[in-house]
Amino acid sequence: MKILIIGAGGVGTSMATIIKRRGDKADWAEKVVMADYNEARAKEVAENICGGGKFVAEKVNARDAADIEALIKKHDIDMTMNAVEPEFNECIFDTCLKAGSMYMDAAMTLSTPDPEKPFEKANIKLGDYQFDRHEDWKKAGNLALVGMGVEPGMADVFARFAQDHLFDEIDEVNVRDGDNYAGEDVGYFGFSVWTTIEECLNPPVVWEKDKGWFCTENFSEPEIFNFPGGIGDVEVINVEHEEVLLVPRVIDCKRVTFKYGVPADFRKLLLDLRELGLSDKDKKIKVGDSEITPRDFLVKVIPSPVDATMKMTGKGCAGTWVTGKKDGMYRSVYLYQVADNQECIKKYTTNSVVAQTAVGPVISMELIAKGIWKAEGVYGPESFESEPFIDLLAEYEFPAGIREMDSEYADYLNEKAFADMAKK
């Protein structure tokens, strides 16, 4: 498989280093083209961090369809990974369909709130643009795998595993994300500034079987969730996220939510940014001889999350809490993956947030390259068999765990955990 990674930021860098670290077992990746608007950064990743060879660098403008298509044709690309901000999704997605490259992203096309009742009614939802073009991709005999990161991505695979092996009936699929990160001058943006503002300030979406998709107020339904890996209790709140739009398409359940551990003072900061108009992504303001949106201005002036998190200590946990019945008995299970920040920096040169995000796309590429995952059209991660993905998580040094929530938090964390639990 010849791969084009658009974006040499944290996720793109992590993907390249994960493939590099895989060594001879990554022989399925014939060529990895690292492309970025900043060609020097692309060269740093491809040549210095990954050592060249099958890793090559290119310059690309992710807003320019002709530029992307030219790279796909130049390198005879099989799979294009969109590792830039979701505002570029439509251009890259459409170009891949035209050029005949498979497509993958870790965050789907953006939503548009309801103009009259944004905190009640869902309008244009995350990924609607992509799923509306399913038949076009199917007719072309091509695959677009959307929302394939950690959350969404790995969390969706966990939901599929729960449906196939752990439950007879599912009540709720609740994705829960929390951490205990700490350190001087870390700040709150451990990931993309642009994306953090987008997902936290958009109306959160919830899905219920009898109501469909609907929206709530920002940071609604706070709850305390106990995370494994020594993280402990974290207050989590509703945030807009792709799993809520993906899981109900495939998993038979009654309710789906996504909640994330956003500190209270950071929530206030985000709301203040919105009140001041600094979160706006559409309206441009003039600065000297140039024009820029307020949000893009913030991205420029806020210290790089990638740099700021290099001194950060602690762990982050991504996982899916599923409740329902097995053999007529109530069951509550949390399927999760914990990553240590400093360990990820040593292995992949990037923080744990982006390393967790990057491993899912790489595993998916291996499964697609080997013909284990195959489909034609636009699909999310829960549409594919879960066991091969979970088996590879341990090989890729990101072992998953299972916690029985109604058994005094009994944790099972090893490469056989999922297989053992599936037999019960």
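For the chain, the residue among G178, A144, F55 whose Cα projects farthest onto the positive side of the dipole built from Cβ charges is F55.
Beta bridges assigned by DSSP with both partners in the chain are antiparallel in approximately 60 percent of cases.
Taking a straight line from the alpha carbon of K374, these lysines sit under 17 Å away, with near neighbours fewer than eight places off in the same chain left out: K2, K138, K139.
Using just its DSSP H runs of length 4 or more, each adding -39500 (n - 2.57), the chain gives a mean residue ellipticity at 222 nm of -9000 deg cm²/dmol after division by all residues. Only protein atoms count toward the accessible area here, which uses a 1.4 Å probe; on the chain, the carbon and sulfur part of that area reaches 48 percent.
Rg over Rh for region 52-189 works out to 1.04, using Cα positions for both radii and the Kirkwood form for Rh. The protection proxy used here, the mean number of other Cβ atoms lying within 10 Å of each residue, ranks peptides 278-289, 167-178, 48-59 as follows, highest first: 167-178, 48-59, 278-289.
Each Lys and Arg contributes +1 and each Asp and Glu -1, all at the Cβ; summed about the Cα centre of the chain, the dipole is approximately 780 debye. Across region 203-276, Cα-Cα pairs farther apart than 19 Å form 44% of the total.
Residues whose amide H comes within less than 5 Å of that of I285, counting only those at least five positions distant or on another chain, are I292, T293 (H built at 1.01 Å from N in the peptide plane). Solvent-free Debye calculation, one equal scatterer per alpha-carbon of region 237-301: log10 I(q)/I(0) at 0.22, 0.29 Å⁻¹ equals -0.93, -1.17.
Highest mean packing first, where packing is the average number of other Cβ atoms within 10 Å per residue, the peptides 222-228, 396-402 line up as 396-402, 222-228. In this view, the solvent-accessible surface of K347, computed with a 1.4 Å probe and all protein chains in place, comes to about 70 Å².
With all pairs of different C-alpha atoms in the average, the Kirkwood value for the hydrodynamic radius of region 118-235 is 17.5 Å. Computed about its Cα centre, the charge dipole of region 1-121 is approximately 500 debye, with only Lys, Arg, Asp and Glu carrying charge at their Cβ. Take every Cα pair under 8 Å whose residues are at least 6 apart in sequence, average their separation, divide by the length of the chain, and the relative contact order is 19 percent.
The values are calculated or read from the model by the stated rules, or taken from the named source; none is laboratory data. Since the structure is predicted, the reported quantities are computational estimates derived from the model, not experimental observations. Glycine also receives a Cβ, built like all others from the backbone with ideal geometry; neighbour counts cover every protein chain displayed. Ligands, DNA and RNA are excluded from the accessible area calculation, which covers all protein heavy atoms including side chains. Shrake-Rupley method; radii C 1.70, N 1.55, O 1.52, S 1.80 Å.
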